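First the structure, in the form of structure tokens, and then the observations on it.
The values are calculated or read from the model by the stated rules, or taken from the named source; none is laboratory data. Here the structure is a predicted model, which means the values were calculated and not measured. Cβ placement follows ideal geometry from the backbone for every residue including glycine, while neighbour counts extend to all protein chains displayed. Please note that ligands, DNA and RNA were not included when accessible areas were found on the heavy atoms of the full protein model with its side chains. Shrake-Rupley method; radii C 1.70, N 1.55, O 1.52, S 1.80 Å.
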Amino acid sequence: ESMVRIAGRLQLVAQQPMLLGGDTVQLTCCIGFCHARQTGGGGRNLLEAAQVAVDEATHHSPGAIRSYTADLAQARADRDALRAGFAAAVAEGQVQAHFQPQVSTDSGAVSGVEALARWHHPDRGLLTPGAFLPAIEGTDLMDLLGAAMLTQSLAALKSWDAAGQRVPSVSVNFSARELADPELPERLAWELDQHAVAAGRLTVEVLESVVAGDGEDIIARNIRRIAEMGCGVDMDD
């Protein structure tokens, strides 16, 4: 409890508004700490344990404070293992798009489907995004996931058409990282052409938090270009 109080006092100091180039800036500060008795001694062990606590605080929310525990260390080890195995899992077809129907409340008819990522993990069973997204967010693996979901979704539309099972459209979630890629519209156009799917049958789902901030001009431009191609754009959450 005394360490938490000290961390809180440090935060108050670090988060004091300051002048920078004529503007007032206020920082947020995440703090993680570890008691030396928890690590069995040694400066390196202590620093590594404190880093685990810092990572957990940063992942949790701006301004969070976390104390090291063995559970935190295990959670980090689990995330590292998931991250290390994700690329191979995509290549081997373990990461698949599952499709959730979108139903019109007026007619009861299926108006489309939403692609949801699922990892058929050989040891841990079926994993939903909540189990593996925290491990890959902010890395190149998010691009890998997005590309796989897009390709699988358009391939599914094409296969349903061939089977005479008409599904009007598919919605695919796109991360902020993907939306900030200047080549995204061209990549979408190429994928649509490869699968012979009309642009109007693809809806790009965008988190509201991605477009709520300032300074993301490339994302705004990409969204406009995607809409001009004929694709739908939905706000998620």
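Regarding region 45-66, can at least one residue be identified that is assigned to a helix (DSSP H, G or I) and surrounded by fewer than 11 Cβ atoms within 10 Å (Cβ to Cβ)?
no
Look through I65, I136 and report the one residue that is in contact (Cβ under 8 Å) with a residue 60 or more places away in the chain and on the phi < 0 side of the Ramachandran plot.
Being in contact (Cβ under 8 Å) with a residue 60 or more places away in the chain and on the phi < 0 side of the Ramachandran plot holds for just one of I65, I136, which is I65.
When residues of region 89-104 are filtered for being over 11 Å from R118 (Cβ atoms), part of a strand (DSSP E or B) and open to solvent by less than 70 Å² (accessible area, probe 1.4 Å), how many remain?
The total comes to 1.
Run A198 past the list (1) within 19 Å of A227 (Cα to Cα); (2) among the small types (G, A, S); (3) open to solvent by 10 Å² or more (accessible area, probe 1.4 Å); (4) under 23 Å from the mean Cα position of the chain (by Cα) and report the number of the one that doesn't hold.
For A198, the failing item is (4).
Step by step: first the residues of region 69-88, then only those that are of a type in the set (A, V, I, L, M) and open to solvent by 40 Å² or more (accessible area, probe 1.4 Å), then the one that is farthest from P168 (Cα to Cα). Which residue is that?
A70
Given the criteria under 21 Å from D237 (Cα atoms) and touching a residue at least 24 places away in the same chain (Cβ under 8 Å), does A156 qualify?
When the stated conditions are applied, A156 does not pass them.
Can you find even one residue in region 22-42 that is surrounded by 13 or more Cβ atoms within 10 Å (Cβ to Cβ) and closer than 30 Å to S169 by Cβ?
no
Output the residues belonging to region 105-133 that are more than 20 Å from V206 (Cβ to Cβ) and either under 19 Å from the mean Cα position of the chain (by Cα) or part of a helix (DSSP H, G or I) (or both).
Matches in region 105-133: R118, W119, H120, H121, L126, L127, T128, A131, F132.
Kindly indicate whether A212 is open to solvent by 60 Å² or more (accessible area, probe 1.4 Å), of a type in the set (A, V, I, L, M), out of contact with any Lys or Arg (no Cβ under 7 Å at 6 or more places or on another chain) and at pLDDT below 95.
Criteria met by A212.
Go through the residues of region 123-131 one by one and say whether even a single one is crowded, with 17+ Cβ neighbours inside 10 Å and not aliphatic (A, V, I, L, M). So that I can check it myself, show each step before the final result.
Going through region 123-131, the residues crowded, with 17+ Cβ neighbours inside 10 Å turn out to be 127, 131.
Right, trim to not aliphatic (A, V, I, L, M) and you get none.
No: zero hits.
Could you grab me the full set of residues in region 1-44 that are touching a residue at least 40 places away in the same chain (Cβ under 8 Å) and either outside any helix (DSSP H, G or I) or of a type in the set (F, W, Y) (or both)? Working first, answer last.
We begin by selecting, within region 1-44, every residue touching a residue at least 40 places away in the same chain (Cβ under 8 Å); these are 3-4, 7-8, 11, 15.
Q15 - this is the single residue of region 1-44 that is touching a residue at least 40 places away in the same chain (Cβ under 8 Å) and either outside any helix (DSSP H, G or I) or of a type in the set (F, W, Y) (or both).
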